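Q: There's a structure below that I have some questions on.
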Amino acid sequence: MFARSLFAKSAGAAALLAASIAPVAASAQVVEGARGSFQPSYHLVQLSVALAGMSAEAFEARTKEIASCADAIDLARDIDAEITRNRHVPQERLPGAVQDVLRDLPTGQASPIFSNDGETMRVLVICNKAN
């Protein structure tokens with residue numbers, strides 16, 4: 001029940017988040033925004049784990065302990081999560097809902113849990129934000 005309510009709260013943002021992370025092409029450039037200000041680019045790590053293998057409550061508790069990308073990688077190894085790395089992702093290439101989540105997410109901490117299929121739980125961790 002907790003997993004359904006957790007996923008339902010952010011279903012729209014989760015779908016955008018999940019759909020946008022994998023296909024983003026890597027770019028080593030800092031992107032200049034429309035108003036002449038520089039937009040950040042992100043080095044992201046995504047952890048994915050099957051809901052069948054771990055409860056949403058346990059995954060949430062474990063991901064709240066993440067304080068760095070090294071912690072995220074260690075946790076992924078401990079719980080047998082899939083690790084996806086996306087380096088130099090320009091902010092402007094991400095959907096607005098994802099930008100909103102990442103804008104307020106401190107470097108090294110995990111995002112709220114999201115899922116695009118109701119079977120796999122995911123979190124993002126910002127390893128680095130370049131301005």
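Q: Here's a check for you: in segment 86-116, which residue that is within 17 Å of Asn128 (Cα to Cα) and either of a type in the set (Gly, Ala, Ser) or in contact with a Cys (Cβ under 8 Å, 6 or more places away or on another chain) (or both) is surrounded by the most Cβ atoms within 10 Å (Cβ to Cβ)?
A: Ala110
Q: Scan segment 54-69 residue by residue and report those that are in contact with a Cys (Cβ under 9 Å, 6 or more places away or on another chain) and either over 15 Å from Tyr42 (Cα atoms) or not hydroxyl-bearing (Ser, Thr, Tyr) (or both).
A: Listed by number, the list holds a single entry, Cys69.
Q: I would also like to ask the following. Could you list, in sequence order, the residues of segment 55-89 that are more than 17 Å from Gln109 (Cα to Cα) and either in contact with a His (Cβ under 6 Å, 6 or more places away or on another chain) or in a loop (DSSP other than H, G, I, E, B) (or both)?
A: Ser55, Asp80
Q: Further question: What number of residues in segment 117-131 are surrounded by 14 or more Cβ atoms within 10 Å (Cβ to Cβ) and in contact with a Lys or Arg (Cβ under 9 Å, 6 or more places away or on another chain)?
A: Of the residues in that region, 2 qualify.
Q: How about segment 111-130: which of its residues are over 9 Å from Tyr42 (Cα atoms) and modelled with pLDDT under 90?
A: Ser115, Asn116, Asp117, Gly118
Q: Quick check: is even one residue across segment 118-125 out of contact with any His (no Cβ under 7 Å at 6 or more places or on another chain) and free of Cβ contacts under 8 Å to residues at least 40 places away in the same chain?
A: no
Q: Quick check on this structure: which one of Pro106, Pro112 is assigned to a loop (DSSP other than H, G, I, E, B) and either without any contact (Cβ under 8 Å) to a residue 40 or more places away in the chain or within 26 Å of Phe38 (Cβ to Cβ) (or both)?
A: Answer to the check: Pro106.
The values are calculated or read from the model by the stated rules, or taken from the named source; none is laboratory data. Please read these numbers as outputs of a predicted model, since none were measured by experiment. Positions of Cβ are generated from backbone atoms using ideal geometry, with glycine treated the same way; all protein chains shown enter the neighbour counts.
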